[in-house]
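Before any comments, here is the structure.
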């Protein structure tokens, strides 16, 4: 069993829809939870990160962490064709060592 | 642009050969991590360098090695290439080993034939 599970999709939505992307994990010691966006032939780009449980909002993006369920989500409101990319969840322990464990990524297509 | 550059962008090697991939970090970033991303998978952590010393390693064999230099450049070396080493190799730089905000380069696509 992988430490981080993520539905690979693909996920197709119409422009303007609310998108929900999710990951589950097995290591209860994870403390930092990140979401990356990766366009084709590019490196991942950090969208936002959350420490421990709770919500965080940045523009059209909202990240949620539920440590009791070992479940994290990223919501995208008013989705745009430019949001079409692969979204990777990632997480790591606290402390000075920065090994990051990634999910497999969910491919999102926003159709105009 | 992240300010992190990798070279070359594409590379084809023969099984058994050795390869060196290069990364130029953002100025001031003393930490670099290397990842292997197979097609359709998330990046897998190879190792991290902090102030020119290996600071941690993932589940990769010793034929994967690295160097970090004082001028914010670093290298990933892979010996005795295998077909399964074909992947996108990514480096990510940050201001410190505990800093969550890491910036990735565009990657080097390695194909082993």
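Quick check on this structure: which one of B:82, B:53, B:95, B:101 is under 15 Å from the mean Cα position of the chain (by Cα) and at negative phi?
B:53
Can you give me the number of residues within the stretch A:49-74 that are more than 11 Å from residue A:35 (Cα to Cα), modelled with pLDDT under 95 and surrounded by 18 or more Cβ atoms within 10 Å (Cβ to Cβ)?
0
Which of the residues belonging to the stretch B:77-98 are within 14 Å of another protein chain (Cβ to nearest Cβ) and either touching a helix residue (DSSP H, G or I) at 6+ places or on another chain (Cβ under 6 Å) or farther than 15 Å from residue B:27 by Cα (or both)?
If the condition is that a residue be within 14 Å of another protein chain (Cβ to nearest Cβ) and either touching a helix residue (DSSP H, G or I) at 6+ places or on another chain (Cβ under 6 Å) or farther than 15 Å from residue B:27 by Cα (or both), then B:87, B:88, B:89, B:90, B:97, B:98 are the ones that fit.
So for the stretch A:35-44 (the condition being over 18 Å from residue B:2 (Cα atoms), at pLDDT 95 or above and either within 14 Å of chain B (Cβ to nearest Cβ) or surrounded by fewer than 17 Cβ atoms within 10 Å (Cβ to Cβ) (or both)), does at least one residue qualify?
Scanning the stretch A:35-44, I find no residue that is over 18 Å from residue B:2 (Cα atoms), at pLDDT 95 or above and either within 14 Å of chain B (Cβ to nearest Cβ) or surrounded by fewer than 17 Cβ atoms within 10 Å (Cβ to Cβ) (or both), so the answer is no.
Which of the strands (runs of 3 or more DSSP E) found entirely inside the stretch A:16-94 contain at least 3 residues meeting this: closer than 20 Å to residue B:42 by Cα?
A:19-25, A:32-38, A:45-51, A:71-76, A:85-92
Would you mention how many residues in the stretch A:95-112 are away from chain B (no Cβ under 14 Å) and assigned to a loop (DSSP other than H, G, I, E, B)?
Residues flagged as away from chain B (no Cβ under 14 Å) and assigned to a loop (DSSP other than H, G, I, E, B) within the stretch A:95-112 amount to 1.
Looking at the structure I just gave you, is residue A:11 within 14 Å of chain B (Cβ to nearest Cβ), over 24 Å from residue B:107 (Cα atoms) and either within 16 Å of the chain's Cα centre (by Cα) or modelled with pLDDT of 90 or more (or both)?
No.
Does residue B:83 satisfy the condition of being buried (at least 16 other Cβ atoms within 10 Å of the Cβ) and at pLDDT 95 or above?
It is false that residue B:83 is buried (at least 16 other Cβ atoms within 10 Å of the Cβ) and at pLDDT 95 or above.
Every residue in the stretch A:64-79 that is in contact with a strand residue (DSSP E or B) (Cβ under 6 Å, 6 or more places away or on another chain) and in contact (Cβ under 8 Å) with a residue 60 or more places away in the chain, please.
A:79
Would you check if residue B:102 is within 13 Å of chain A (Cβ to nearest Cβ), surrounded by fewer than 19 Cβ atoms within 10 Å (Cβ to Cβ), in contact with a strand residue (DSSP E or B) (Cβ under 6 Å, 6 or more places away or on another chain) and under 23 Å from residue A:92 (Cβ atoms)?
no
The values are calculated or read from the model by the stated rules, or taken from the named source; none is laboratory data. This structure is a prediction, so every number in the text was calculated from the model and none was measured. Positions of Cβ are generated from backbone atoms using ideal geometry, with glycine treated the same way; all protein chains shown enter the neighbour counts.
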